[in-house]
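The values are calculated or read from the model by the stated rules, or taken from the named source; none is laboratory data. Being a predicted model, the structure only gives us computed values, none of them experimental. Here the Cβ is made from the backbone with ideal geometry for all residues, glycine too, and neighbour counts use every protein chain on show.
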C-alpha cells in the first residue's frame, strides 16, 4: 500500500482501462530531459493528486518551486495533453510525472481483474482554447483480445535472478504447465503470442515493481539490472518476498547470499625469508572466512572503498585505508623489478593496523637479531675511540651485515667522520672502493681525518676531469655534491662498497638534480650523516630514506598525503619504521667532558633611521599584501619573501638596504656588538661572529678597523678562496682575536674551538642552522665554557623569529628523537601584522583605520 500523502481517486472500471493503456512503452513518447524532470517530481512526491476516469486522468503537481495541473485524454488514437500553462514542455512534464504515479497505482492496486473491455473509439474532442493541448501521437496498441483468449491455458511469469561481477539482474519468462519457458520481454518474446488481460497485468506490475526497486531494463541483453548493488540486500529482504505473491521467483544461493549485506574483507600479509635472504610477501584477502582469488583480491584493492559484487561470495568492501596500504606495497614492489625484496621492507608495513602482518620463524628471528645488536670492544678498532663512538661503528656494521642501512644523526661535534672512517677501515667489501659525498667545504676535513688516523687508506678526490676508473687501487673516493651531479653519467657503470652522504640534508629536495645523482649510486651498503635530518619538513626524512632504503616509507605521493591529512598518526608510524635505522646521540648524553654552553639574547634597540625604514617597509607590506599571511605567501611568493629579507636587513643595519647610503654607525645592532667585543678584547679572549649577510660582515670589518685596530681579525665567507688558512691561523691565536663567518660558508666542516664567545648577528627561521654554527666552537676538543649571544632587534620580525624557533624544535624531536625541524612560519603567526611583529601603536592604529 502506498504510504505517501497522495490523493487517489479512481473506480474499478477506470483502473482496468488504464491497466490496458499502460501495456506499452509510453516513455518513448517523451523527450529524455522531460522524463528526467518528471521522474524527479515523481520521486520527490510532488504529484499530490490523481483522478482516474475511464477516458482521462487529471494530475495535480505541487512542489516548493512549481505547481500545475495536467489532463491526459486517452482515446482510440492515443493520449493528448492539456495543462494549466501555455508552456507545452511544462505540460508534458506534469503529464509524464502523473503517468509514473498512475503506473505505481496500477502496480499496487490491480488484482485479478476481469477481462478488460477497451473503450470504443470516439472522435477526438475539439481543442479547448482556454488550455494548451499537445498531440503526442498514437501509442501502439495491441490488437483487441479475442473471446478465445480466456480459453488459453494459464501461464506463470517467471523471474530468474543472477549475480555476476557486473551486478544483480533478472530475466523474465512465461512458463506453462509443461515447464516450457518463453522470453517474456525483449528478444524472443514474440514467441509468447497474444497476452491475456491477466498476463498483461503481470507484465505491467513487474515493470512498475522493478522501476520502484531501481532496476532498469536493457534491450541489449533483455535483462533488468539493479543500478546500485548496495541496494541489493534491502531489496532481497524486504521487496522480493512481495514479488512472490504475483510472480514465480527463482533465486540461486549466491543471490540469496546478498541478503547478508556488505561484508568487509580482511587483508593478511605473510612475510617469509627465502634462501637468497630476500623476503616474499603472500597477500591473503578473506571475506567471511573464505579466501578470495587473485583476480577478486585485485578488484577489491584497485577499487578500495567501493562495494563490489563478487559472484559466489556476495557483496564485499575493502576499507579505503586497507586498500591504500596494499596499493602502497604494490608501488614499493615496483622499485624492485627482479622481485628480490630486501628484508628491511617488512618494517614498511609496521603500524598499518588495516593489514594484519604475519612473520614466519625465519623473519621473526632475523628481526629480533636486528633490533638487538651485540657490542664489544673489538681489538681492530682504534683505542682512542670513545665508547659511544665504538658503539656507533658496531651499530653501522651490524646494519650492514643484515642488508640494512643507517642514518647516523649524532649532534654536531661528536665525531661522525671518525666513526665512518673506522667502519670503512674495519669492514671492507672485497676490492670495491667506498664513496663519500659531501659539501666542497668539507672535503679537506675528510682528507685530514684520513691522514691523521688511517694514513694507509688511499684517497682520491673526484675532480672536473677525473672518472671513478682512472686511478687504480683507490680505497676511498671523496666527491662534492656538485661534482657528483656533473659526473652522474659515470655512476651507471660504477659500484662501491659503501656510499656515504655527509651533511645529508643536502638532498632534502627530492626533485633536485643532486638528489637524483645520489639516488643513482650503486653500492653494497649506504650511510647518511647529518646532525639535522629534518631541516624544514618531514619530506626531508622521506628523501633520506629513499636513498638509504628505497620503499621503506612508501611512495612520495602517499607520504605527502599522510603529512597533509594526519601528521600525528604519521609521526607515530614513522618512529616505528625508521627507529631501528637511526642512531641519534646528543652531547649532553654521551660527551660529559664537553664544557658548558651558556646561551642568552641581547636585545638591540634600533636607531632612528632603522626604526623609520622598518616601519615604512612594514606599512607598505601590509598595504600591498593585506593581513592574511597565508594568502600573501602563496599568491605573492618571491615578492613577499623579498619583503621579509628587507625587514631583516633593516633590523641589522639600514646600510644593507640598497637605497640607504649610511655608515655602520647608523646600526644600533653593530653598536651593541662593538660594546660586547670590547669586553672580549680586554680579557684577551677570542670570539666568532656569524651572519647570513656577507655585506653586513664587510661593514662590520670597517667598524672593527675603527674600534679595534690592533686586534687580530679573520674572515670566512663564500668569497674566501683558501678556507683552511684563516681557520688555521685563528686556532693558533693565543691572544684576543675575532673571526667573522657567514653561516652558509662556515656552518659546516670547520673547527673553531679556540673561541670562547659566539655572536649570532641575525636570527634565522631554522634553529638547526644556528646550532650547526655554534657547534663549530662547542665540540670535542674545546676546553672551557662557550658563551653564545643572539642579537635581536626589539619590536621587530626578529623577535618573532625567536618565538618561531621554539616551535620548530619540536618536529624533529617527535619524528626521530631530538634536534629540530619545522616547516612554515605561517603555522605560528596568524597574520602578517603579527609576523612583522609589534609595530608601534601609531602604525598599528593607522593600518586598522
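Within the range 776-795, being touching a strand residue (DSSP E or B) at 6+ places or on another chain (Cβ under 9 Å) and in a loop (DSSP other than H, G, I, E, B) holds for 776, 777, 778, 785, 794.
Residue 527 meets all of the listed conditions (1) more than 20 Å from the chain's Cα centre (by Cα); (2) in a helix (DSSP H, G or I) but one, namely (2). Among the numbered conditions (1) out of contact with any strand residue (DSSP E or B) (no Cβ under 6 Å at 6 or more places or on another chain); (2) modelled with pLDDT under 85; (3) surrounded by 15 or more Cβ atoms within 10 Å (Cβ to Cβ), the only one that residue 746 does not meet is (1). State whether one or more residues within the range 257-269 are closer than 30 Å to residue 364 by Cβ and at pLDDT below 80. Looking through the range 257-269, at least one residue is closer than 30 Å to residue 364 by Cβ and at pLDDT below 80.
Residues of the range 318-336 that are closer than 15 Å to residue 263 by Cβ and out of contact with any helix residue (DSSP H, G or I) (no Cβ under 8 Å at 6 or more places or on another chain): 319, 322. All of 400, 352 fail the test of being within 34 Å of the chain's Cα centre (by Cα), at pLDDT 85 or above and surrounded by 13 or more Cβ atoms within 10 Å (Cβ to Cβ), apart from 400.
Here is a yes/no grid of residues against (1) outside the structural domain of residue 392 (by TED's automatic domain parsing); (2) touching a residue at least 12 places away in the same chain (Cβ under 8 Å); (3) buried (at least 18 other Cβ atoms within 10 Å of the Cβ):
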position: 526; (1), (2), (3): no, yes, yes
position: 544; (1), (2), (3): no, yes, yes
position: 556; (1), (2), (3): no, yes, no
position: 560; (1), (2), (3): no, yes, no
position: 564; (1), (2), (3): no, no, no
position: 569; (1), (2), (3): no, no, no
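Looking at 301, 267, just one residue is in contact (Cβ under 8 Å) with a residue 40 or more places away in the chain, outside any loop (DSSP other than H, G, I, E, B) and either loosely packed, with under 14 Cβ neighbours inside 10 Å or in contact with a helix residue (DSSP H, G or I) (Cβ under 7 Å, 6 or more places away or on another chain) (or both), and that residue is 267.
Scanning the range 228-264 for residues that are free of Cβ contacts under 8 Å to residues at least 24 places away in the same chain, assigned to a loop (DSSP other than H, G, I, E, B) and under 29 Å from residue 200 (Cβ atoms) yields a total of 2. Residue 274 - would you say it is at positive phi and without any contact (Cβ under 8 Å) to a residue 60 or more places away in the chain? For residue 274, the condition - at positive phi and without any contact (Cβ under 8 Å) to a residue 60 or more places away in the chain - is not met. Condition first: modelled with pLDDT under 85, farther than 30 Å from residue 12 by Cβ and under 44 Å from the mean Cα position of the chain (by Cα). Can you find one or more residues in the range 197-216 that meet it? No, the range 197-216 contains no residue that is modelled with pLDDT under 85, farther than 30 Å from residue 12 by Cβ and under 44 Å from the mean Cα position of the chain (by Cα). Consider the range 202-254. How many of its residues are within 19 Å of residue 158 (Cβ to Cβ) and in contact with a helix residue (DSSP H, G or I) (Cβ under 7 Å, 6 or more places away or on another chain)? Residues in the range 202-254 being within 19 Å of residue 158 (Cβ to Cβ) and in contact with a helix residue (DSSP H, G or I) (Cβ under 7 Å, 6 or more places away or on another chain): 12 in total. Confirm whether residue 413 is surrounded by 19 or more Cβ atoms within 10 Å (Cβ to Cβ), more than 23 Å from residue 723 (Cα to Cα) and within 41 Å of the chain's Cα centre (by Cα). Considered against the rule, which asks whether it is surrounded by 19 or more Cβ atoms within 10 Å (Cβ to Cβ), more than 23 Å from residue 723 (Cα to Cα) and within 41 Å of the chain's Cα centre (by Cα), residue 413 comes out as no. Among the residues of the range 714-736, the ones that are farther than 12 Å from residue 687 by Cα and assigned to a loop (DSSP other than H, G, I, E, B) come to 8 in all. For the range 43-53, indicate whether the set of residues that are closer than 22 Å to residue 10 by Cβ and in a helix (DSSP H, G or I) is non-empty. Scanning the range 43-53, I find at least one residue that is closer than 22 Å to residue 10 by Cβ and in a helix (DSSP H, G or I), so the answer is yes.
Screening residue 763 with (1) in contact with a strand residue (DSSP E or B) (Cβ under 7 Å, 6 or more places away or on another chain); (2) surrounded by 21 or more Cβ atoms within 10 Å (Cβ to Cβ); (3) outside any loop (DSSP other than H, G, I, E, B) gives one miss only, at (3).
Residue-wise test of (1) at pLDDT below 90; (2) surrounded by fewer than 21 Cβ atoms within 10 Å (Cβ to Cβ); (3) in a helix (DSSP H, G or I); (4) in the same structural domain as residue 738 (by TED's automatic domain parsing).
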{"site": "658", "(1), (2), (3), (4)": "no, yes, no, yes"}
{"site": "661", "(1), (2), (3), (4)": "yes, yes, no, yes"}
{"site": "676", "(1), (2), (3), (4)": "yes, yes, yes, yes"}
{"site": "679", "(1), (2), (3), (4)": "yes, yes, yes, yes"}
{"site": "689", "(1), (2), (3), (4)": "no, no, no, yes"}
{"site": "697", "(1), (2), (3), (4)": "no, yes, yes, yes"}
{"site": "701", "(1), (2), (3), (4)": "no, yes, yes, yes"}
{"site": "710", "(1), (2), (3), (4)": "no, yes, no, yes"}
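Looking at this structure, is residue 797 at pLDDT 75 or above, more than 30 Å from residue 711 (Cβ to Cβ) and in contact with a helix residue (DSSP H, G or I) (Cβ under 8 Å, 6 or more places away or on another chain)?
The answer is yes for residue 797.
The lone criterion from (1) in contact with a helix residue (DSSP H, G or I) (Cβ under 8 Å, 6 or more places away or on another chain); (2) surrounded by fewer than 20 Cβ atoms within 10 Å (Cβ to Cβ); (3) touching a residue at least 60 places away in the same chain (Cβ under 8 Å) left unmet by residue 38 is number (2). For the range 308-347, the set of residues classified as on the phi > 0 side of the Ramachandran plot and in a strand (DSSP E or B) consists of 314 only. Summed over the range 178-196, the residues that are exposed (fewer than 13 other Cβ atoms within 10 Å of the Cβ) and at pLDDT 85 or above give a count of 2.
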